[in-house]
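Asker: Please see the structure below; I have some questions.
The values are calculated or read from the model by the stated rules, or taken from the named source; none is laboratory data. Given the structure is predicted, the values throughout are model-derived calculations rather than measurements. Every residue, glycine among them, receives a Cβ derived from its backbone with ideal geometry; neighbour counts consider all protein chains shown. Areas reflect the complete protein model, heavy atoms only, side chains present, ligands, DNA and RNA absent. Shrake-Rupley method; radii C 1.70, N 1.55, O 1.52, S 1.80 Å.
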Amino acid sequence: NPASLVGVMMNLGEMVTATQSVSDETLKLLADEMNFILEIVSPEEEDRELLESFDIEFGEDEGGEESLVARPPVVTVMGHVDHGKTRLLDAIRKTNVVAGEAGGITQHIGAYQVATEVNGEDRRITFIDTPGHEAFTAMRARGAKSTDIAILVVAANDGVMPQTIEALNHAKAADVPIVVAVNKIDVEGADPTKVRGQLTEFGLVAEEYGGDTMFVDISAKQGLNIESLLEAVVLTADASLDLRANPEQDAQGIAIESHLDKGRGAVATVLVQRGTLRVGDTMVVGDAYGRVRAMLDDKGENVEEAGPSTPVLVLGLTNVPGAGDNFLVVDEDRTARQIAEKRAARERNVRFARKGVRFSLENLDEALKAGLVQELNLIIKGDASGSVEALEASLLQLDVGDEVDIRVLHRGVGAVTESDINLATGSDAIVIGFNVRAAGRAAQMAEREGVDVRYYSVIYQAIEEIEAALKGMLKPEY
Ligand code: GDP
């Protein structure tokens, strides 16, 4: 029982309370002491093992090279608020009434596919139709890779703004190539050259300046250069990614959005990543399952099947899955139900157990010793760019030896936001707030996700505390 465990811990010299989360190391110590064999598994591993117990492998294409066929890139639009993400997504839909498919897109399902011609070839592109990077990072935080390429929208009259930087840092952290759409070139005072110059500082160097990032000047409002932008997406995909999938296997992918519809029950938009999804298939999506009763495409039309990179609205699930949940088709209804039930049970456990922390300054030391991390990832938010830069510079100068790298994943002026917490969750980072607080639901979210957020108002205090934690972790073990 908890009380006796606390007693054992005390004998081991660790003061803990019955409800406190402890590090993996401490758990191991406890297990040894009590003659248990302890095995620690991550949620991802656990899910993989669960699926393996049903002889299912998730995330890999079946068959060899010869079974792989080219698939369209999946694209997310990111950028600062009001720079034109929504307008651009609309413009792309409009300009691109797929040749021969009159009527256009009538249904918002969270993603759509367009056709374009590049070098005389018909090419398709799938857009995730949720502007902003919240969805993107939320999915990534859960380990789901949804996006191949990010379009970074920057308004030419406004230039690079805090969320521009935030967005590009998210994309970089996820290793997603960026195409820059310099928007609003129709506006007076638009200065696309300045945008190029500004982004150079963040490692996005335009091709015309000898870099490898494609910049396209557009006006989402006037529908200007939308085709060139699509072409840039295709060319970037061709240059830096090998986008292929096996269309012949049972479908797998991720849920993009979902809701409960009064008439139709649980509806979910899923993005097929490999295989082909068909009406009548039995699928599991997160902890929802069911037989696909009907599928609708982005034009609201019924479709019988959907191949790799195709988004479809699926009807027939037992309940509403979460964005970023993975989906897979299985042979039997019973298997689907069992997987879903096991996941639901696990989810309940996780929610219950997740009162603790991921990486904090306190347990970083142990995490490093255990070889769980080799770097300290930081996100720095502050009240002024001067103080943020000063803090970052001092932190990067800390003498921490060769064992650890300090990486600043993102820095910015302003409150600690949900987006910061998402980035921290996905990258096991610690968030530093300098003379700022958490905005909106960021604090709750940090609490729920177990992200360590530290607030300081004096630079040297921040430096001292982090140095102490780093020194702690570098102390030789006796
Ligand atoms: P979001 O917050 O990034 O999704 O930005 P919106 O797409 O909502 O656009 C913000 C505002 O800028 C809206 O009033 C748009 O009509 C306007 N806007 C977007 N693109 C352009 C453009 O190319 N030219 C001009 N003049 N206005 C634009």
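Asker: In segment 143-227, which trypsin sites (Lys or Arg not before Pro) fall in coil by DSSP and have 16 or fewer other Cβ atoms within 10 Å?
Answerer: Lys145, Lys221
Asker: Counting other Cβ atoms within 10 Å, keep those with at most 12, restrict to DSSP loop, and tell me which trypsin sites (Lys or Arg not before Pro) in segment 243-287 are left.
Answerer: In loop regions of segment 243-287 (DSSP not H, G, I, E or B), the sparsely surrounded trypsin sites (Lys or Arg not before Pro) are Lys262.
Asker: Here's something else I'd like to know. Cut-off under 18 Å on the C-alpha distance; same-chain residues fewer than 8 positions from Lys221 excluded. Which aspartates and glutamates are left, in chain and number order?
Answerer: List returned: Asp82, Asp90, Asp129, Asp158, Asp186, Glu188, Asp191.
Asker: Take the chain, drop everything but the C-alpha atoms, weight them equally and run the Debye formula without solvent; then report log10 I(q)/I(0) at 0.07, 0.09, 0.10, 0.11 Å⁻¹ to two decimals.
Answerer: Debye output, listed in q order: -0.42, -0.70, -0.86, -1.02.
Asker: Tabulate in residue order the Karplus-calculated ³J(HN,Hα) for segment 297-305, using 6.51 cos²θ - 1.76 cosθ + 1.60 with θ = phi - 60°, rounded to whole Hz; enter x for Gly and Pro.
Answerer: Karplus-based 3J(HN,Hα) across segment 297-305 equals 8, 6, 9, x, 9, 5, 10, 8, 8 Hz.
Asker: How large is the convex hull of the C-alpha atoms of segment 219-361 per residue, in Å³?
Answerer: Hull volume over Cα atoms, normalised by residue count, gives 199 Å³.
Asker: Now for a different question. Within the chain, what percent of beta bridges assigned by DSSP are antiparallel, to the nearest 5?
Answerer: Bridges in the chain are about 55 percent antiparallel.
Asker: Can you pull out the GluC sites (Glu not before Pro) in segment 190-285 that DSSP calls coil and that have at most 10 other Cβ atoms within 10 Å?
Answerer: Answer in residue order: Glu201.
Asker: In segment 159-226, what is the volume of the convex hull around the alpha carbon atoms, normalised per residue and reported in Å³?
Answerer: Here the figure is 91 Å³ per residue.
Asker: So, with a 1.4 angstrom probe, what is the percent of accessible area on the chain that is carbon and sulfur?
Answerer: Reported share for carbon and sulfur atoms: 47 percent.
Asker: Let me ask something additional. Of Lys145/Lys381; Lys94/Lys381; Lys85/Lys381; Lys28/Lys172, which sit over 32 Å apart, Cα to Cα?
Answerer: Lys94/Lys381; Lys28/Lys172
Asker: Report, ordered by chain and residue number, the lysines lying within cross-link reach of Lys471, taken as a straight Cα distance under 19 Å and ignoring same-chain residues fewer than 8 apart.
Answerer: Within the straight-line cut-off, Lys471 pairs with Lys369.
Asker: Hey, can you find the accessible area per residue of the chain for me, probe 1.4 Å, expressed in square angstrom?
Answerer: 48
Asker: What whole-number volume per residue, in cubic angstrom, does the convex hull of the C-alpha atoms of segment 231-297 give?
Answerer: Expressed per residue, the convex hull around the Cα atoms of segment 231-297 is 121 Å³.
Asker: Through the Karplus equation 6.51 cos²θ - 1.76 cosθ + 1.60, θ set to phi - 60°, convert the phi angles of segment 249-263 into ³J(HN,Hα) values in whole Hz; use x for Gly and Pro.
Answerer: Using θ = phi - 60°, the values come out as 8, 4, 5, 9, x, 9, 7, 9, 8, 7, 7, 9, 9, 3, x Hz.
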